[in-house]
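K.L.:
Structure provided below as structure tokens; questions to follow.
The values are calculated or read from the model by the stated rules, or taken from the named source; none is laboratory data. Quantities reported herein were computed from a predicted structural model and do not represent experimental measurements. These area figures cover heavy atoms from the full protein model, side chains too; ligands, DNA and RNA do not enter into them. Shrake-Rupley method; radii C 1.70, N 1.55, O 1.52, S 1.80 Å.
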Amino acid sequence: MSLTDLDRRTAITTARWAAQQSRPITECPYDPAGDARARALALLWVRTYRRYRPPA
């Protein structure tokens, strides 16, 4: 399993947008209970989101 550059860019861009727009973290489009690819993308999405919107 490997993520493409497009997968990574999409996850990072959408997470950054969600954080900057004050969207809830539960809007992550990737299923953390899914296959290995979905879990990796969910982890990347959440880490990026937290970087741009740290907990209060």
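K.L.:
Could you give the length gained on full extension between Arg51 and Asp7, defined as 0.36 nm per residue of separation minus the Cα-Cα distance, in nm?
P.N.:
14.0 nm
K.L.:
Using only C-alpha positions, report the orientation-averaged shadow area of the convex hull of the chain, nm², one decimal.
P.N.:
So the mean shadow area of the Cα hull is 3.6 nm².
K.L.:
Note down the relative contact order for the chain as a percent, whole number, built from C-alpha pairs under 8 angstrom at least six residues apart.
P.N.:
42 percent
K.L.:
Here is a further query. Leaving out ligands and nucleic acids, note down the accessible area per residue over the chain with a 1.4 angstrom probe, in whole Å².
P.N.:
Per-residue value: 72 Å².
K.L.:
Can you give me the % of accessible surface on the chain that is carbon or sulfur? Probe 1.4 Å, all protein chains present, nothing else counted.
P.N.:
Accessible surface attributable to carbon and sulfur in the chain totals 53 percent.
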